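Okay, so here's the structure we're looking at.
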Amino acid sequence: MEIFTHMEKYDYEQLVFCQDKSSGLKAIIAIHDTTLGPALGGTRMWTYQSEDEAIEDALRLARGMTYKNAAAGLNLGGGKTVIIGDPKTDKNPEMFRAFGRYIQGLNGRYITAEDVGTTVHDMDLIHLETDFVTGISPESGSSGNPSPVTAYGVYKGMKAAAMEAYGTDSLEGKTVAIQGVGNVAYALCEFLHKEGAKLIVTDINKQSVERAVEAFGATAVDPDDIYDVECEIYAPCALGATVNDDTINRIKAKIIAGSANNQLKSPKHGDIIHEKGIVYAPDYVINSGGVINVADELVGYNQQRAMKKVETIYDSLIRVFEISKRDNIPTYVAADRMAEERIEAKRNSRSQFLLNEHHILSRR
Ligand SMILES: NC(=O)C1=CN([C@@H]2O[C@H](COP(=O)(O)OP(=O)(O)OC[C@H]3O[C@@H](n4cnc5c(N)ncnc54)[C@H](O)[C@@H]3O)[C@@H](O)[C@H]2O)C=CC1
Ligand SMILES: CC(C)CC(=O)C(=O)O
């Protein structure tokens, strides 16, 4: 991969490679844009097939965080980390401590949290070395695991999408096909089951599927069959790029709304679902509940305040759908415009010189 060519294309600020032989740490921190503030985004641990695949994932996820944080109205930029390894077998405490020291070395330009393959316990280990970590144990006044809050935001966002597609936001009787029943999706199933939605689930992990079948009476299907099921809502809650050339004509849902990051393999797929009349809730808008929750830690965590902000995901999506209809553009383009407007406004305001505490004159 031509790394600088790739970074230049989407204007990435920084890519940091972290290697610690004794613990086996191999991590890549990608910082996309810090115009709005320090880059906040989770750490994913995954069994990447190649280093290029890991770099690409870090870069794509970091850029997504720039847009997510901007669209959520947070004064935060976008960044993300990937750790190369199997989260089930390759973790050790020293690995996360070493990673924490690398984060500390960035002196606040990047703040981390959980993502696929990492836990509150891992964040606590990082916290032994740096304060630039969120989603640590609630005992220390922190917000803990962001997944249930992400799920709540996705549930609210799904209701907004139902309002757009059906003129009512009730999900009672609607069939939701859920791909990946991990941390976020299991909590999402709880909300949906309570409201009377019918659930079809799949996962590459059989135990996760069984858990959802037992708890919510969900119907289980094989991983590849999830695209073919009759349903009103397709909820991608595993990894990215599942709306692609192979799946796009198989999806029967009227709505695509789920927690996964980077759901569209490429912009082209967002255009096609728009033309098909599918209501797509842009991933980084609907799944921003977790980052909204952990970001609240940066000002002294207040659960009530955080949840109130998470509920605004409903209104943000209604606004995205309105812009999409008004300007006849796909919803992913409408969301990008909303986020870019915020970033540009801040970038432009920087042209005015303001004395701040870092300036030499303020320290005389
Ligand atoms: N945890 C959070 O607060 C947030 C998570 N997200 C995104 O939501 C998605 C899910 O996150 P988590 O629930 O935290 O992760 P998780 O690792 O707990 O759950 C993901 C599940 O997907 C399954 N899976 C992986 N590949 C699959 C496939 N091909 N078919 C079916 N199932 C498959 C895994 O076995 C696992 O059970 C990820 O894309 C993540 O980046 C986004 C925002 C916040
Ligand atoms: C898990 C969140 C706290 C942050 C993040 O990385 C995301 O929203 O994807």
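Of note:
- In the range 86-117, the qualifying residues are those that are in contact with a Pro (Cβ under 7 Å, 6 or more places away or on another chain), in a loop (DSSP other than H, G, I, E, B) and under 24 Å from G182 (Cα atoms), and the one that is nearest to ligand 2 (Cβ to nearest atom) is A113.
- Set side by side, the residues L59, L15 differ, and just one is touching a His at 6+ places or on another chain (Cβ under 7 Å) and either surrounded by 24 or more Cβ atoms within 10 Å (Cβ to Cβ) or not hydroxyl-bearing (S, T, Y) (or both), which is L59.
- From the options G167, G153, G135, residue that is open to solvent by 20 Å² or more (accessible area, probe 1.4 Å) and either in contact (Cβ under 8 Å) with a residue 60 or more places away in the chain or at positive phi (or both): G167
- The listed residue being open to solvent by less than 60 Å² (accessible area, probe 1.4 Å) and either free of Cβ contacts under 8 Å to residues at least 40 places away in the same chain or among the charged types (D, E, K, R) (or both), out of N244, N249, N261: N244
- The listed residues are V209, V229, V201, and the only one of them that is in contact with a Lys or Arg (Cβ under 9 Å, 6 or more places away or on another chain) and open to solvent by less than 30 Å² (accessible area, probe 1.4 Å) turns out to be V229.
- Of the set (1) modelled with pLDDT of 95 or more; (2) assigned to a loop (DSSP other than H, G, I, E, B), all apply to L239 but (1).
- Subset of the range 146-155 (residues that are under 21 Å from I278 (Cβ atoms) and either touching a Ser or Thr at 6+ places or on another chain (Cβ under 9 Å) or away from ligand 1 (no atom under 14 Å from the Cβ) (or both)): G153, V154
- Of the numbered criteria (1) within 28 Å of G117 (Cα to Cα); (2) away from ligand 1 (no atom under 16 Å from the Cβ), the one S324 fails is (1).
- Lone qualifier among T81, T66 - being in a strand (DSSP E or B) and under 19 Å from the mean Cα position of the chain (by Cα): T81
- Where helices (runs of 4 or more DSSP H) sit wholly within the range 282-349, those with at least 1 residues that are surrounded by fewer than 19 Cβ atoms within 10 Å (Cβ to Cβ) occupy 303-327, 331-349.
- Residue within the range 74-88 that is hydroxyl-bearing (S, T, Y) and buried (at least 24 other Cβ atoms within 10 Å of the Cβ) present: yes
- Any chance Y166 is within 11 Å of ligand 1 (Cβ to nearest atom), of a type in the set (F, W, Y) and at pLDDT 95 or above: no
The values are calculated or read from the model by the stated rules, or taken from the named source; none is laboratory data. Since the structure is predicted, the reported quantities are computational estimates derived from the model, not experimental observations. Please note: Cβ atoms are built from the backbone with ideal geometry, for glycine as well, and neighbour counts cover all protein chains shown. Surface accessibility is based on the protein's heavy atoms, side chains included, excluding ligands, DNA and RNA. Shrake-Rupley method; radii C 1.70, N 1.55, O 1.52, S 1.80 Å.
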